[in-house]
Every structure is written in C-alpha cells, then in structure tokens.
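J.: The structure's right below; bear with me while I get my questions together.
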C-alpha cells in the first residue's frame, strides 16, 4: 500500500441516482478509509450532520444530499468534493426500468421533475465550490476518470490492481430495500429535511454564506 499523507479530511461524492455512486463508495473504501453510501437517509438532526462531518478518514456518496450542500460545506469547508454528472433523461430511464412492484409506483413526469431539480443543485455545487472535481458517468467506465476520483478523495496514489478488480465487479445497490427504508422512515426523514432547511435559514440570516 502506498504511503499515506497527512490529508485526512473527509470527502463527499454527489450524483443523481443510478450514477455509479454505490460503486464509487466501494471503490473509495480503501486503506484506512471508509466511504459510506446514502448516509443522509439515516441522519436525524443537525447534530448528526456535525458528528458525521467531524470524522476524518471518511467519505460518503450521496444521491439526495445536494440540496444541503451549503450546510455540508459550512460545517466542513475542507471537505473534498466530487460531482458525477449523468444526463437526466438517462437517469429517469434507468430508474423507471427498476422493478419496484409491490414497493412503489412512480410517475415518470414526477421523477423527471425531481431529477431536474436535483441536477440544478449539482450545477450550484460545481459553480460555487472551489476545487470541485466534476466527472461524467460514462467516463467512469474508463480508468482515467476513476483514477482522478480516487486521488481526489484519498491520500494515496491510484492503485491499478484495485481499480481492475472493481472494474470487473457489477455492484448494484438494493433499490427495493432502500425504498422500503425510506418509506418506513419517511416522517423522520421529512423532519430531518425540515431541520436542515431551518438551519440553512438561520445561517443565511446570520450572513454565514458567501455562496449565492
């Protein structure tokens, strides 16, 4: 294993659903580092946000956290940031192709509206966060883009053998289980979202944000 630098600040990978975030969370769990996936769905208050962001040698890959980017980067301004971009139309097609029978039924128009909204937050992150690494979903099929993500998030040189092993792996999140979790915890998740919005308003009123 390559020598580790003193760079221990956490990282976050933002993307739309079906944008290889689960694969990246596994690929960037390396050495003394662990990358979580969809951790925001399990947080229940602002203190949880602060506690998670206080951990070094930690990352997370998120598909629903982009609306809270100002809060995340306020509490951890040194967080290393990656944004994965995939065309909204492709994301919608991929989501609608998942068999969620017995779990959920989605209206394609509503899914498209939601993904367009999330995509606008990704635009904001790219425009406002200095040093953000932006990579295309299709580019992650090749080693060079994966190398860039690996070395942006982690204090190690890229490991070709590590990438090669993951390149052969078809890693897919259990979407049905994730949706069951989100439906079962909807009141708590909605309360968490409300708390984050209130905190954003408080900080904005206090002049905490320099980003537009």
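J.: Specify, per residue and in Å³, the volume enclosed by the convex hull of the alpha carbon atoms belonging to segment 11-205.
T.: Taking only Cα atoms, segment 11-205 has a hull volume of 122 Å³ per residue.
J.: How much space per residue, in cubic angstrom, does the convex hull of the C-alpha atoms of segment 104-212 take up?
T.: Taking only Cα atoms, segment 104-212 has a hull volume of 174 Å³ per residue.
J.: May I pose another question? Sort 43, 110 by Cβ crowding within 10 Å, fewest neighbours at the top.
T.: Taking fewest neighbouring Cβ atoms as first place, the list is 110, 43.
J.: At 0.36 nm per residue, and after removing the present C-alpha to C-alpha distance, how many nm does the segment from residue 138 to residue 99 gain when stretched out fully?
T.: Result: 11.7 nm gained on full extension.
J.: Please give the contour-minus-distance gain from residue 50 to residue 107: 0.36 nm per residue of separation, less the Cα-Cα distance, rounded to one decimal in nm.
T.: Using 0.36 nm per residue and subtracting the Cα-Cα distance, I get 17.0 nm.
J.: Would you give the gap between the C-alpha center of segment 143-169 and the C-alpha center of segment 19-50, rounded to a whole Å?
T.: The two parts, judged by their Cα centres, are 17 Å apart.
J.: Here is a further query. Within 10 Å of each residue's Cβ, count the other Cβ atoms and sort 21, 105 from fewest upward.
T.: 105, 21
J.: Okay, moving on. Give me Rg over Rh for segment 1-66, both radii from the alpha carbons and Rh done the Kirkwood way, two decimal places.
T.: My calculation of the ratio gives 0.99.
J.: With a 10 Å Cβ neighbour count serving as the proxy for reagent exposure, in which order, fewest first, do 137, 209 appear?
T.: Result, fewest neighbours first: 209, 137.
Every read-out reported here was derived from the displayed coordinates using simple, explicitly stated rules and does not represent laboratory data. Nothing here was measured: the structure is a model prediction, and the numbers come from that model. Because the Cβ atoms are built from the backbone with ideal geometry, glycine has one as well, and the counts that use them run over all protein chains shown.
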